[in-house]
Amino acid sequence: MAEPALRIFSYQPNPRIYKATIAGRLCGVTIDVRGAAPAELADWLWDFDAKPLDEQGRQDFAHAARTARTGFGGTLYKTDAFLAAHPYGTVPAAFSADGSIGVFESNSIMRAVARLGGDGHGLYGDSPVAAARIDAFLDVNLIFARDSQIYLLALMKKELQPDIHAATREALHHWLGGIEGALGNDAGFITGSALSLADISFACEMVLMRNELSSAEQLTVLGLTPMMGDELAQLFPRACAHFAQLCADPAFAPDLAPYLEKLAARAA
């Protein structure tokens, strides 16, 4: 097996790192993924050489203890080198093969994989303007991802309020409205006749939003309905059909299928 060209540290499972692993399959880039469940990352060293810490390790890296922020509680062990490479201190956190360069935000990590794969795969378009169009979709995805993160964290913490649900629903419909329009040209993919990073990012954000379906009871108590339910396919038929097609693709299925199966089991 080829030496990894990129290392990613993140909580797992995490559909946002699937953007990079799917791209890696498509363009022949080997990726080393490290991490554990979110609750376990408090016992990990956040570093290029990320690893679980035992009691002695926590003492050895006491100087790296930091107060946790969004999505985590308590104390996390982040080295100075980690924070130099990742100034916002978040995961997923990617590193160049030698650990000298950090890349953060899932879309940018995916872009790094595509660039490492060279020019032959077409995931980043076939011209500077085509690449810019792909970037435009990725930028909109990132805006939606912020709204979806607020919503899903509120569900996870059982702190959801109707105004958060309403704002996320509006953001979801705005995002999918653009995807629906882009797919209306019958080209087959979001940015044209070939699969691109825009399709990968879209599929992974859709998978992440499906976590909502396991909180149906919480939504019912608040008098709210799941926004990822059957109505979505009626409102955005092309986008939902494209999502289903991507989930079945051999480059996507190794990551997305097991994750969706777990969500279905939780929602049952």
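Nothing in this text is a laboratory measurement; each read-out follows from the coordinates by a stated rule. Not measured: the values here are computed from a predicted model. A quick note on method: Cβ atoms are made from the backbone with ideal geometry, for glycine too, and the neighbour counts reach across all protein chains shown.
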Review point. How far is it, in nm, from the label point at I101 to the one at Q59 when both lie 7 Å from their Cα along the line to the Cβ?
Key: 4.0 nm
Review point. Once you sort the root eigenvalues of the Cα gyration tensor of segment 43-193 as a ≥ b ≥ c, which label holds: rounded (a/c under 1.5), prolate (a/b larger than b/c) or oblate (the other case)?
Key: oblate
Exercise for review: Answer with one residue from P226, F137, Y259: the one whose Cα lies farthest towards the positive end of the charge dipole of segment 128-267, charges on Cβ with Lys, Arg +1 and Asp, Glu -1.
Suggested key: Y259
**Study point:** Extension gain, V129 back to D32 (0.36 nm per residue minus Cα-Cα distance, nm)
**Key:** 31.8 nm
Check your understanding: Which one of G73, A20, P38 has its Cα pushed farthest toward the positive end of the charge dipole of segment 6-116, where Lys and Arg give +1 and Asp and Glu give -1 at the Cβ?
Key -> A20
Review point. For a paramagnetic label modelled at 7 Å from the Cα of A216 toward its Cβ, which residues of segment 236-268 fall within the zone defined by backbone nitrogen distances under 15 Å?
Key: 263-268
Review point. What are the semi-axes of the equivalent ellipsoid of the chain, taken as the square roots of 5 times the eigenvalues of the Cα gyration tensor, listed largest first and rounded to whole Å?
Key: 30, 26, 15
Check your understanding: What percent of all Cα-Cα pairs in segment 146-268 falls in each 5 Å bin, counting up from 0?
Key -> 2, 10, 21, 22, 20, 14, 7, 3, 1
Review point. Taking 0.36 nm per residue of separation and subtracting the Cα-Cα distance, what length does fully extending A187 through A68 add?
Key: 38.4 nm
Study note, to complete from the structure: Scoring the chain by relative contact order with C-alpha pairs under 8 Å, at least six apart, yields a percentage of 19 percent
Revision key, fill the gap. Ignoring trypsin sites (Lys or Arg not before Pro) buried by more than 10 other Cβ within 10 Å or outside DSSP loops, the longest site-free run in the chain is 1-156
**Study point:** Approximate spin-label separation H173-D139, in nm, with each point projected 7 Å along Cα-to-Cβ
**Key:** 2.5 nm
Review point. Using unit Cβ charges (K, R positive; D, E negative) and no other charged atoms, how large, in debye to the nearest 20, is the dipole of segment 1-83 about its Cα centre?
Key: 460 debye
Revision key, fill the gap. Once amide hydrogens are built 1.01 Å from N within the peptide plane, the residues lying 5 or more places from W46 or on another chain with amide H under 5 Å from its amide H are Y77, K78, T79
Review point. Which aspartates and glutamates have a Cα lying under 15 Å from the Cα of K262, excluding residues fewer than 8 positions away in the same chain?
Key: E212
